[in-house]
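The structure appears below as structure tokens.
The values are calculated or read from the model by the stated rules, or taken from the named source; none is laboratory data. Here the structure is a predicted model, which means the values were calculated and not measured. Note: ideal-geometry Cβ built from the backbone for every residue, glycine included; neighbour counts use all protein chains shown. With ligands, DNA and RNA removed, areas are computed over all heavy atoms of the protein, side chains included. Shrake-Rupley method; radii C 1.70, N 1.55, O 1.52, S 1.80 Å.
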Amino acid sequence: MTIALIVFSSLLAFAAIGSAISKLKKVPDVMTAMASVGVKPQQVPLLAALEIAGGLGIIAGVWVPALGLAATVGLVLYFAGALLSHMKMKHGPAEFGAALGIFIIAAINTFLQLQR
């Protein structure tokens with residue numbers, strides 16, 4: 001179980017921080033996707049900060065289980081919100097595939113955190 005937790009924690013931290021970096025660098029496709037669900041440009045840095053905090057919390061959570069669980073639950077909620085935003089706009093999987101993938105990794109990580 002520990003190896004699986006470390007693998008999924010690493011994947012989740014990498015995905016969350018990578019997602020945040022793409023927002024902070026204002027990658028055109030990412031900014032278009034954010035705008036398509038109603039995110040205003042001034043909200044993007046806050047969303048990126050939440051993803052970075054979650055990713056760093058996941059990394060620290062390898063040694064501090066309560067922090068890891070809190071961070072992974074936070075990322076589950078963050079990406080559930082992203083998915084709901086896309087579904088509300090009736091987007092297809094092409095528009096929300098990345099959010100779905102990260103949500104699934106976060107959900108698996110939450111399960112593994114709870115099994116510690």
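Details
- The calculated P(r) of the range 1-82, using every Cα pair and 10 Å bins from 0, goes 19, 48, 24, 8, 0 in percent.
- Separation of alpha-carbon centers, the range 61-82 and the range 25-43, rounded to whole Å: 23 Å
- In summary, the convex hull built on the alpha carbon positions of the range 63-104 has an orientation-averaged projected area of 2.9 nm².
- With every protein chain in place, the chain: carbon and sulfur % of accessible area (1.4 Å): 76 percent
- Mean ellipticity per residue at 222 nm, deg cm²/dmol - from DSSP H runs of n ≥ 4 across the chain, formula -39500 (n - 2.57): -28000 deg cm²/dmol
- Span-rule helices in the chain, defined as complete DSSP H runs reaching 18 Å or more along the axis (Cα) with Kyte mean at least -1.0: 2-24, 44-60, 65-88, 93-114
- Across the options M34, Q115, V73, the greatest Cα extent toward the positive end of the charge dipole of the chain (unit charges at beta carbon of Lys, Arg, Asp, Glu) belongs to M34.
- Net charge dipole, the chain: roughly 180 debye, given to the nearest 20, about the Cα centre with Cβ charges of +1 for Lys and Arg and -1 for Asp and Glu.
- Accessible surface calculations at 1.4 Å, restricted to protein heavy atoms, place the chain at 57 Å² per residue.
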